[in-house]
Structure formats: C-alpha cells, structure tokens
1. For percent of Cα pairs over 32 Å apart, several values are listed as (1) 36; (2) 55; (3) 49; flag the one computed from this structure.
2. Ignoring ligands and nucleic acids, what accessible area does residue 188 show with a 1.4 Å probe (Å², nearest 10)?
3. Roll a 1.4 angstrom probe over the protein heavy atoms and tell me the percent of accessible area of the chain that is carbon or sulfur.
4. So what is the relative contact order for the chain, in percent, with contacts set as C-alpha pairs under 8 Å and at least six apart?
5. Taking the Cα centre of region 79-141 as origin, work out the dipole magnitude from +1 charges on Lys and Arg Cβ and -1 charges on Asp and Glu Cβ, in debye rounded to 20.
6. Quote the charge dipole size of the chain about the Cα centre in Debye, to the nearest 20; the model charges only the Cβ of Lys and Arg (+1) and of Asp and Glu (-1).
7. Among all helices in the chain defined by DSSP H, which have a length of 18 Å or more along the axis from Cα atoms plus a Kyte-Doolittle mean of at least 0.0?
8. Whole number please: convex hull volume per residue of the Cα set in region 290-330, in Å³?
Amino acid sequence: ASRFQAAALLRGQFSGQEQGSRKRGGNLRRSLIVFQFFVAQAFIIGALVVGQQLHFMRNTDLGFDRQAVLSIEQPISAWRNPELKNKLPVLADALKKMPEIERVALGDVLLSTSYSSNTHYYTDETGNKKETNIYRKNADEELMDLYKLPIIAGRKLQASDGPEHYVLNESAVKAFGFESPQAAIGVFLEENNGPDEPLLQKQVVGVVADFHSMGFTETIRPTALMRDLEYVSTINVRLASTRPSDWQPVLKKMEAEWNSVYPDDPFSADFFDETLAEVYRQDLTLAKFIQLATGIAIFISFLGLFGLATFMAWKRTKEIGIRKVLGASTVSVVSMLSREFVLL
C-alpha cells in the first residue's frame, strides 16, 4: 500500500522532516543545474567572442590589398650555395612573363615577422633632436604597387634607390614630429650605427598610409620601406584572377618554373590568408581550445540535465500514474516535470 494518500501526494503534503529533506535536496539540485548552465554559457560566450575577433582580424582592412596574393620562399639550400642565392631574381623574372600573374615583387611580406629595426634621429631647424625606433621592411620597386599601398606624399621606391632611401608610414612621420607627410619628403634621418661609428644618413623619399605589419592586435609602429635586396628571400606574387578555381593551373606552371631553377628543392607557395593564420596561430590555438572546452561543457550540462530529469521522473512515478489515471495529458505531465528546469 502507498505510504501517502493520493490527494496528499498530489498536493505535495509531507511530514516536516520529509519536507526539509526534500527542500535541501531540491536546493542542491537547483544549484548544480544553475552552475552547469553558468559554466556552459561562459564557454559559449567565450567561443563566440574569440570567433568574432578572429573573423574581424581576418576580414578587416590591414592597410593594403591581400586578395589573391601569395609568397614563395627561397629554399634553405640557397643560403648555403652561393650559386643558388643569385637565382631568386631569375625565378621572379620568369614568373613576371606569365599572363596569369598580375605582378611580382621581391621583398618582405608586409604582415610578417620579417623586419629589422634600429634607432633613428631627426634634428629639426631649431636644433631639437628627436629619437625614434624605426622598423624596416625590404621592398623592391614593385612591392608597393603589388600590395596597393597608397602614397600620401612623395614617391614610391625606384630601381635606382638603395638602403639609404626610406618610404615612411604615417606613424613614423608623427613620431618625428613633422607637420605633414609632405614636410617629411627630402629630409635626412640619422641611423645609429653602433658605438664610435658615424651615423648613417637616410633620406625620406615618400610617405605611405599606415598598414599593419606585425599583427592586427599590435599598435602600428613607425615603419620604413627600403630597397636592400641583398638579404631578401621572398617573392611576392599577385595573381591576375581572384577566383580560387583559376589558381591551381597557375600554381602548376609556377611549380614548373621553380623546378627549372631549384630542381632539388620542393615547391611551396603560401597564400596570404595562410600567412595571416601563421601570424595569429596563438589566437587560433586558443580558439580551438575554447571550442573544445565549450563542447565538453555543453555535453556535461546536457548529460547532467538528462540525469536529473530522469531522476525526477523516477521519483514521481506514482504521482505521474495517478495524474494519468485522472485524465492528465502527456503534454501536461511533461510540462509539470520540465517547468522547474525551464525556469532555471
């Protein structure tokens, strides 16, 4: 025989000791459910925020055009073999003759960890001397056009220029205190050449708009482009077509040209989005970790919720049976069991 009368069972009337025990157990279950939901929602929000940040970094304007741009690195064997070292321009010239390629340039990839830096000085007409650390990237006369860097003042680099000619970005112009980009054209900067060594003279021949060169999360630093190709090991290529379906045949032709110059080294070309992913690899690793943790948290939450719902249904089996006998519908029974969880 049942310990409780049906009417008392349906009204939830129990002894004081049993009510206290049920209340404590109910509070514990509610606390666990809320905690599970809190953890799961925290991970979900974190995954969404990190995903939006990565999407923002990959799709926001970096200050230059990276669409259909790829880079080809000189093989490591060329650093040990002087004969191969001089063949990078040969490969670049061969690629320029391909109609499927819009432009080819030698120089550092704009958004990469390839750069040099040194302290530079500028002395104005009043004798005030300003000191700024300049981050430099190597570029030939084609690289600015390849990345479509907008010239604000002066000119771009030319084939006759050397490492003593600079094209500054806007941040460098502001760091030296020039009134305008035009005011910086033609002035000479002095580069620190080490202890007891004379300062090197660098002439500013142009100014370009700011662009991200070391990572989107970092502040744009004073940067200069200079034509010092002795240590350049990268060919930058802009394909004529922006459709990915057209790229595979071009890559095969590029590989054939590569094999004619470097027959003993495998061909490899990195599209700019892949380079961008390498720059943000720590953010991508964090995103993958958060996504994994989010999946685990959601799984545990659903597992716990399912277990608690099953337990509640088992504990109220008699009540459910009585309600069904009295004509309660399946919807009303499910609503009764899930009401507490939905509110939480």
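1. Given (1) 36; (2) 55; (3) 49, the calculated one carries the label (2).
2. 110 Å²
3. The computed percentage sits at 56.
4. The normalised contact order for the chain reaches 26 percent.
5. 260 debye
6. 3860 debye
7. Both cut-offs are met by 16-59, 281-315, 330-343.
8. Each residue corresponds to 51 Å³ of Cα convex hull volume.
The values are calculated or read from the model by the stated rules, or taken from the named source; none is laboratory data. As the structure is a computational prediction, the values presented were derived from the model and not from experiment. FYI the Cβ positions are ideal-geometry reconstructions off the backbone, even for glycines, and counts take in every protein chain you see. For the accessible areas, the whole protein counts, side chains as well, though only heavy atoms, and no ligand, DNA or RNA atoms are used. Shrake-Rupley method; radii C 1.70, N 1.55, O 1.52, S 1.80 Å.
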